[in-house]
Amino acid sequence: MNQTSGRTLVDSRGSSCPGPITDLAIAYRRSKVGDVIELWATDPGVKADVNAWATKTSNQIVSIDETGEKITVIIRITKR
Amino acid sequence: MKRALIVGGGSGGTILANSLDRHEFEITMLSSSFGHLFQPALLYVAFSHARARVVRDERSLLARHVNLLHDEVTSINLKKKTVTTRNGVLFPYDYLVVATGMHTDTSQIPGLSEINAEFGDYHSSLAKAERLSYHLDGFRGGTIAIGQSSPIIKCPPSPLEGVLLTDQLLRKRGLRKSSRLVYFTPYPRPYSAEPMNEVVEPLLEERDIEVMTFFDVKRIDPINRTIFSIEGDKIEYDLPIIIPPFVGANILYEPADAVDEDHFIIADKSTLRIKGTGDAFVVGDASNLPTSKAGVGAHLQAKVVAKILSGHPATFDGRTSCPFDTGDGRGTFVIGSYEAPVTKARPTRIKHLMKTAFQRIYWISLRGTLNPAFDVYFKLTAPKKAAATGN
Ligand SMILES: Cc1cc2nc3c(=O)[nH]c(=O)nc-3n(C[C@H](O)[C@H](O)[C@H](O)COP(=O)(O)OP(=O)(O)OC[C@H]3O[C@@H](n4cnc5c(N)ncnc54)[C@H](O)[C@@H]3O)c2cc1C
């Protein structure tokens, strides 16, 4: 996890389920409202999990991009 | 003779010390504990009054040529290749292997220290597991809330094993009808990895265990007996069984970025070399590798490091094989690796017997003498690599 002024990069590439959602949960625990979490993953299951997570926690998914194997999810923390 | 310094006298450190060739290495182990606890037994101490010998003297588990010193390591300088202890002794090394495990930290969650001191848990120590057992004995009906309070956990099936064994215990004592069992988890589903969840979810339904997903413990109010989650939910309890968050050993590293925020060591996931070093390694729970924290991993990693130190190429493939007691004399195994996601495996009586048998051979396995048998087991149960799967 790499944090620079309210922006946290969570690199979960190469780790399969539940790696990415574990890493996101840890980042969420450390976040504040207004922070942005950028999650990198290669496990396709991450999309469904992150969507369910955002619905449950009322946080905002700004974008989900796929380039080759890499999935990039940008999340804005709007509720803590 | 090369000086191999091992920090930690638990599963990983002991297997490694016993695996190194005494003609090649002068082996020193530094450990802050005297007793080696067989941690999986805490589950049975808490939920079924197990009274087997679960702690043995660390010295008795080591080959005679291993030099064991009981002292707590306070700092490690990876640049100067030295280790300093609480007693102020400085140890230079040629090779370093850190196997300091991880321990619970109740201070991270407001209210947790109070309820942990009162009710105990089954991941911290033998004393805490006995305390939990005492409270389960005194339970006469009401709500038991059980779960992990942070995503980092020793032995991923252990929270579910706890709830399933609680259910079994309450049924045995005729208290199940007057009790509510609530299982909470920070994950989207009861078992974090979907294929295994397909096995677990029906079991929980069948046993009338309520599940609260996405429940990341924020604080506990011991007076009003309520657990609150970051996600905005709450659970009222009569008996709380809360697995505390875990952190790595409190050791000062130079350079400081060798560890993450929770003191887990950052290492290469294949060679287990600590970031930025060529001669310092980590095995077991102490690392931040993307694999389960389990004794099996510590064992396999110790074997990899022993090979590398002896000049043979070896890599760790992330392999795990965690036994999972589903109650009523049945069990299964959670098997996976970096490349092969966890697969679905139904609970059977045989697998439960295998888990029970392992408790008997654990102490011998630390000697390394059973390695050929383990090699066969791991080969036979090797998970299949998947190109791209959903989970
Ligand atoms: C309830 C429960 C059930 C489990 N079930 C299973 C299971 O079924 N299968 C499985 O494979 N695993 C299981 N585990 C996990 C397993 O016990 C651990 O993963 C394993 O013990 C890790 O080994 P380790 O060598 O990394 O750390 P540990 O065995 O914890 O040893 C750490 C050592 O480091 C020493 N140490 C720490 N800090 C310092 C310091 N600063 N200086 C010097 N020494 C230090 C300690 O004293 C200790 O000797 C379970 C754990 C629990 C709690």
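Do you know which of the residues in region B:278-337 that are more than 14 Å from the ligand (Cβ to nearest atom), without any contact (Cβ under 8 Å) to a residue 60 or more places away in the chain and among the polar types (S, T, N, Q) is surrounded by the most Cβ atoms within 10 Å (Cβ to Cβ)?
Top of the filtered list is B:Ser337.
Just one of the numbered conditions (1) exposed (fewer than 13 other Cβ atoms within 10 Å of the Cβ); (2) facing chain B (nearest Cβ under 9 Å); (3) farther than 22 Å from B:Tyr338 by Cα is not true of A:Asp65; which one?
For A:Asp65, the exception is condition (2).
For region B:223-238, enumerate the residues that are among the hydrophobic types (A, V, I, L, M, F, W, C) and either within 14 Å of chain A (Cβ to nearest Cβ) or surrounded by 20 or more Cβ atoms within 10 Å (Cβ to Cβ) (or both).
B:Ile227, B:Phe228, B:Ile230, B:Ile235
Regarding B:Thr74, is this residue within 12 Å of the ligand (Cβ to nearest atom) and either in contact with a Lys or Arg (Cβ under 9 Å, 6 or more places away or on another chain) or in a strand (DSSP E or B) (or both)? Explain how you work it out, then say what you get.
On the way: within 12 Å of the ligand (Cβ to nearest atom): yes; either in contact with a Lys or Arg (Cβ under 9 Å, 6 or more places away or on another chain) or in a strand (DSSP E or B) (or both): yes.
Yes, satisfied.
Within the bounds of region B:51-68, is there any residue that is more than 9 Å from the ligand (Cβ to nearest atom), over 18 Å from B:Gly35 (Cβ atoms) and not in a loop (DSSP other than H, G, I, E, B)?
Of all residues in region B:51-68, those more than 9 Å from the ligand (Cβ to nearest atom) come to B:51-57, B:59-68.
Then drop every residue that is not over 18 Å from B:Gly35 (Cβ atoms), which leaves B:63-65, B:67.
In the following step, the residues that additionally are not in a loop (DSSP other than H, G, I, E, B) were identified as B:67.
Yes, region B:51-68 contains at least one residue that is more than 9 Å from the ligand (Cβ to nearest atom), over 18 Å from B:Gly35 (Cβ atoms) and not in a loop (DSSP other than H, G, I, E, B).
Matching residues to (1) within 15 Å of the ligand (Cβ to nearest atom); (2) more than 14 Å from chain A (Cβ to nearest Cβ); (3) crowded, with 20+ Cβ neighbours inside 10 Å:
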position: B:Asp105; (1), (2), (3): yes, no, no
position: B:Leu112; (1), (2), (3): no, no, yes
position: B:Ala117; (1), (2), (3): no, yes, no
position: B:Gly120; (1), (2), (3): yes, yes, yes
position: B:Ser124; (1), (2), (3): yes, yes, yes
position: B:Ala127; (1), (2), (3): yes, yes, no
position: B:Gly138; (1), (2), (3): no, yes, no
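Among the residues of region B:81-89, is there at least one that is open to solvent by 50 Å² or more (accessible area, probe 1.4 Å), within 10 Å of the ligand (Cβ to nearest atom), without any contact (Cβ under 8 Å) to a residue 60 or more places away in the chain and hydroxyl-bearing (Ser, Thr, Tyr)?
For region B:81-89, residues open to solvent by 50 Å² or more (accessible area, probe 1.4 Å), within 10 Å of the ligand (Cβ to nearest atom), without any contact (Cβ under 8 Å) to a residue 60 or more places away in the chain and hydroxyl-bearing (Ser, Thr, Tyr): absent.
Which of (1) open to solvent by 30 Å² or more (accessible area, probe 1.4 Å); (2) within 11 Å of chain B (Cβ to nearest Cβ) does A:Thr57 not meet, given it meets every other one?
(1)
Looking at B:Pro244, is it crowded, with 20+ Cβ neighbours inside 10 Å, within 23 Å of A:Asp23 (Cβ to Cβ) and modelled with pLDDT of 95 or more?
Taking the combined requirement at face value, the residue satisfies it.
Residues checked against (1) under 23 Å from the mean Cα position of the chain (by Cα); (2) within 28 Å of B:Ala256 (Cα to Cα); (3) in contact (Cβ under 8 Å) with a residue 40 or more places away in the chain:
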site	(1), (2), (3)
B:Ala4	no, yes, yes
B:Gly12	yes, yes, yes
B:Leu37	yes, no, yes
B:His49	yes, no, yes
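Give me the helices (runs of 4 or more DSSP H) completely within region B:280-384, filtered to those with at least 3 residues that are in contact with a helix residue (DSSP H, G or I) (Cβ under 6 Å, 6 or more places away or on another chain) and away from chain A (no Cβ under 14 Å), ordered by residue number.
B:295-309
If only one of B:Phe264, B:Phe214 is open to solvent by less than 20 Å² (accessible area, probe 1.4 Å), touching a strand residue (DSSP E or B) at 6+ places or on another chain (Cβ under 6 Å), closer than 24 Å to B:Tyr122 by Cβ and in contact (Cβ under 8 Å) with a residue 12 or more places away in the chain, which one is it?
B:Phe264
The values are calculated or read from the model by the stated rules, or taken from the named source; none is laboratory data. For clarity, every value in this text was computed on a predicted model and none was experimentally measured. With ideal geometry, Cβ positions are generated from the backbone for all residues, glycine too; neighbour counts draw on all protein chains shown. For the accessible areas, the whole protein counts, side chains as well, though only heavy atoms, and no ligand, DNA or RNA atoms are used. Shrake-Rupley method; radii C 1.70, N 1.55, O 1.52, S 1.80 Å.
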